[in-house]
Structures are given as structure tokens and as C-alpha cells.
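Below: one structure, written as C-alpha cells.
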């Protein structure tokens, strides 16, 4: 008798899943244009300017995210920090749900970004790591520096 109930329950769940699946596969729409936002990380501009929230900008098209620019701050093994701007000329594909992810190798490390776009909002995570000398310049023999995974949020620029 338990086997009969289990089979009946399994068939009911499969039928319900099949009824829901067309709606679940409907693609999420997003608005095209330039997006601006901030990350949870800090950024130290050049000169005598104080630390501030790091910024992110990118362009969302029909099927891709492009012109990605992220201000980021990494912490190095010796406890020092370096702030820099990552700017990427390539594009990342958007899937039907508005998700994207990818990265780019640098001379001594890598920049990674992932996110999701829906409506006129976007959010995700970014990470950069590399090897640097004592002055904060990329050096394959230098110390390890890493931003860690940093959350970001952005919206369609008005």
C-alpha cells in the first residue's frame, strides 16, 4: 500500500512540475543601457583623497554585458592594500535568466565577475587577485594580493 501511495505521489509531483515548467522557463527581461552602482568594497582614489565605496559600471545589451569597469582594492600578504580600476573591453553572454559570469587573466592574476540582470537592476560578485611588488606594481615574483569576493549592486543609469 505504501508503494502505491509513493507512486501516486511521484506521478502527482511530475504532473505538477510539467504544468509549471513552461512558466518557469520563461526568460526574465531586462532593460538595455548603461548601469552604474557600487560594491561592498572600498576604493582609495589617487592623491590625498579618503577611502570611499568602490564603483562599478557596465553596459547591458540584448544578449551580453560589455564595457565592464570596476574599482577594486586588494589586500596583500604583508597587510598592505592597493586600489586600482579594472576595465575590460570584451563582453560576457547573458543567459535566458539574465545571468552572466566570466573573467580575464592579467599579467600576474585574474579578475572575475558574475551577476544577474532583471528589469532595471543588477547584482552579483566580483573578485581580483594578483602578485605585486612592495610598490603595488604587478610582479610575477611578488606577494599574493586578493580582494576576496565582493558583492555589488547596480541600476540602469537615468
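Read-outs throughout are calculated quantities, based only on the coordinates presented, and are distinct from any laboratory measurement. Keep in mind it's a predicted model, so treat the numbers as computed, not measured. Note that each Cβ is placed from the backbone with ideal geometry, even for glycine, and that neighbours are counted across all protein chains shown.
Of the residues 65, 36, the one with the fewest other Cβ atoms within 10 Å heads the list, and the complete ranking is 36, 65. Here is the size of the stretch 33-156 from its Cα atoms: Rg then Dmax, 14.7, 45 Å.
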